[in-house]
1. Can you report the number of residues in the stretch 55-109 which are assigned to a strand (DSSP E or B) and at negative phi?
2. For Asn69, which of the numbered conditions (1) among the polar types (S, T, N, Q); (2) modelled with pLDDT under 90; (3) in contact with a His (Cβ under 9 Å, 6 or more places away or on another chain) fails to hold?
3. Residues being under 12 Å from Pro55 (Cα atoms) and hydroxyl-bearing (Ser, Thr, Tyr): count how many of those fall in the stretch 89-109.
4. Those residues that are free of Cβ contacts under 8 Å to residues at least 24 places away in the same chain, surrounded by 12 or more Cβ atoms within 10 Å (Cβ to Cβ) and among the charged types (D, E, K, R), I need them from the stretch 60-97; list them, please.
Amino acid sequence: MMVVVGAAGWPPERRANDSFVEVDSGHVLLRSRAEVRGEAMAAENRQYPVPRTCPHCGSPEAKLMPPVNDHSEYRCPECGTYRISGTTETLVENGQVDPVAARIEERSGYRWLVE
């Protein structure tokens, strides 16, 4: 089993360029953020829609569309097609916005999830 955690507790000289600690069968390795992010992006082909749970209604049938700009577009059988701005997405990830309590409204011809 492999566990990846932040390296904040490591001495500054050990974490200057390496931000993650990987523990695998008793071995501890420091890995750079770019390396971890690159592997995550390689694991998911973002050229095509990928299955995702709808952040607004929780439907497991939603699809996250390939990235275009600084927003994500979801196609959900319950909510329809809507977008989430990069800023709102960050607020959702940080727990500052509840996507279930948010509403979908039309702006400039597109439907957006807004708080």
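1. Number satisfying all stated conditions: 18.
2. (3)
3. Our first condition is that a residue be under 12 Å from Pro55 (Cα atoms); within the stretch 89-109, this holds for 89, 92-93, 97-104.
Then drop every residue that is not hydroxyl-bearing (Ser, Thr, Tyr), which leaves none.
Going through the stretch 89-109 one residue at a time, the tally reaches 0.
4. Glu61, Lys63, Glu73, Glu89
Yes or no, residue by residue, for (1) under 20 Å from the mean Cα position of the chain (by Cα); (2) of a type in the set (D, E, K, R):
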| site | (1), (2) |
| --- | --- |
| Tyr74 | yes, no |
| Pro77 | no, no |
| Arg83 | yes, yes |
| Gly86 | yes, no |
| Glu93 | yes, yes |
| Val97 | yes, no |
| Ile104 | yes, no |
| Arg107 | no, yes |
| Leu113 | yes, no |
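The values are calculated or read from the model by the stated rules, or taken from the named source; none is laboratory data. Please read all numbers here as calculations on a predicted model, not as lab measurements. Quick reminder, even Gly has a Cβ in these numbers, built from the backbone with ideal geometry, and neighbours come from all protein chains shown.
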